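Asks: Below you will find the structure I want to go over with you.
The values are calculated or read from the model by the stated rules, or taken from the named source; none is laboratory data. All values derive from a computational prediction rather than experimental measurement. Using ideal geometry, Cβ is built from the backbone for each residue, glycine included, and neighbour counts are taken over all protein chains shown.
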């Protein structure tokens, strides 16, 4: 096996000898991985909205600021179909909003009063019949101090179903785009390495072993793919920051809620890893054909 | 020693590049391989440095039947041979020193040793002052001398040259041929393929003449092919 110092030195020499091709390949890799990365970013933010609590809220009662919240809660607790009643005061609601949407919460920090009214969240028993939430909400609307009572049952169910559909579609599309990205990366690397085909032939004639010839190119292509993937992460972060800045200036009722978080670190690291894998695949395809004694004529 | 016994090389169905060629070259001998274009000179050299296998016959180099050498052993055998081409075949992105050193690099030699050997062979060819130059900064004659230095840096037992002066003017060609003679004097077997009959005449070395794949060598009698079983080829390093 060739020495590591030789392999690294040769890989660096290959990169230095064709800087334009290297830069073009890295850019192509970055763009190819940017699209599935963007899909992952949108999916990540959609997922934040999914309610996956162990006790999902079925009904939300919004109360007047002067209402007796405890009396209303006690009244609800007498219903045998109800498992849990959660009182959410104004301050607690504000804190919850800030935790869920840190970028938007900062905009409300200067307010003297908490902008959210007190509310009560109702969790039904698992065996509660269908439309129980709607019945409780309808009855609660008539109680004193209750400004509004909404059933979240149907919405939660439909939202979760829609989210699952979008995420599955996103995963499928993401997988297809990632595969396309990998093939694009492999082709870009292969084109770059084809520039060195004559050189590879000369090295063979000089008695270099196949591993000594190929290892530097494998390393070069892998690093090229890794850097391209890293650049894709950078482009995604720039996109995220730009969108956040744009939405904070002119908030959109839906997008402002959706667009609040960047990719997690493990997900972000997938892009450079995918780029590196694609680069390696490309170099294997380009140089993978073993030297045969019938196919080595140099032009 | 190089021995060929009934070696033939056929491309496709109809083209016979070499037909039943047999000869022997003694260690330390200087031999010209000549003939018109298409005679089979380059084909013969390609068989000798294992770029292609023969269709028939045996090729024995230093006691080994190289025609049946395992694929993995080829690089190690090539390190015992030096090869020089008409178009130099230097790697453009490497300096003169790097072109000579890279084979030593894969052998695992230290940087100090690589520099010492490279300087030594470059001095022999008169180019030690151009170690950091790139091939495109050199003249044709200088490039060929670098190629020769690369070919001899591992002190090969055999040096093969395929039309080494084909791209050079007569003065430079004379210089290059003088280098080959000097290398031969030090004990390396030299085989030069050329159609420069004037050069051959002036050098006065033994000549093997090919014509349409046949060898005209009345001084050598064809010997019966020995049975040579391939022993494991041990790398030099």
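Asks: Inside segment B:91-195, counting only helices (runs of 4 or more DSSP H) that do not spill past its ends, which hold 1 or more residues that are out of contact with any helix residue (DSSP H, G or I) (no Cβ under 9 Å at 6 or more places or on another chain) and more than 14 Å from every other protein chain (Cβ to nearest Cβ)?
Replies: Numbers: elements: B:96-107, B:111-124, B:140-152, B:170-185.
Hits in segment B:91-195: B:111-124, B:170-185.
Asks: Over 13 Å from the mean Cα position of the chain (by Cα) and crowded, with 20+ Cβ neighbours inside 10 Å: which single residue out of B:96, B:68, B:83 fits that description?
Replies: Residue meeting the stated conditions: B:96.
Asks: Being at pLDDT 80 or above and exposed (fewer than 12 other Cβ atoms within 10 Å of the Cβ) is the filter here; which residues of segment A:106-163 pass it?
Replies: A:126, A:127, A:129, A:130, A:142, A:144
Asks: Got at least one residue in segment A:219-226 being in a helix (DSSP H, G or I), within 32 Å of the chain's Cα centre (by Cα), free of Cβ contacts under 8 Å to residues at least 60 places away in the same chain and in the same structural domain as residue A:46 (by TED's automatic domain parsing)?
Replies: Within segment A:219-226 (the criterion being in a helix (DSSP H, G or I), within 32 Å of the chain's Cα centre (by Cα), free of Cβ contacts under 8 Å to residues at least 60 places away in the same chain and in the same structural domain as residue A:46 (by TED's automatic domain parsing)), the answer is yes, since at least one residue qualifies.
Asks: If you don't mind, another one. Taking segment A:188-231, which residues are in contact with a helix residue (DSSP H, G or I) (Cβ under 6 Å, 6 or more places away or on another chain) and facing another protein chain (nearest Cβ under 9 Å)?
Replies: Correct list: A:203, A:206, A:207, A:208, A:209, A:212, A:213.
Asks: I would also like to ask the following. Just wondering, is there one or more residues in segment B:75-85 that are more than 22 Å from residue B:146 (Cα to Cα) and more than 10 Å from chain A (Cβ to nearest Cβ)?
Replies: Checked against the condition, which is being more than 22 Å from residue B:146 (Cα to Cα) and more than 10 Å from chain A (Cβ to nearest Cβ), segment B:75-85 yields no hits at all.
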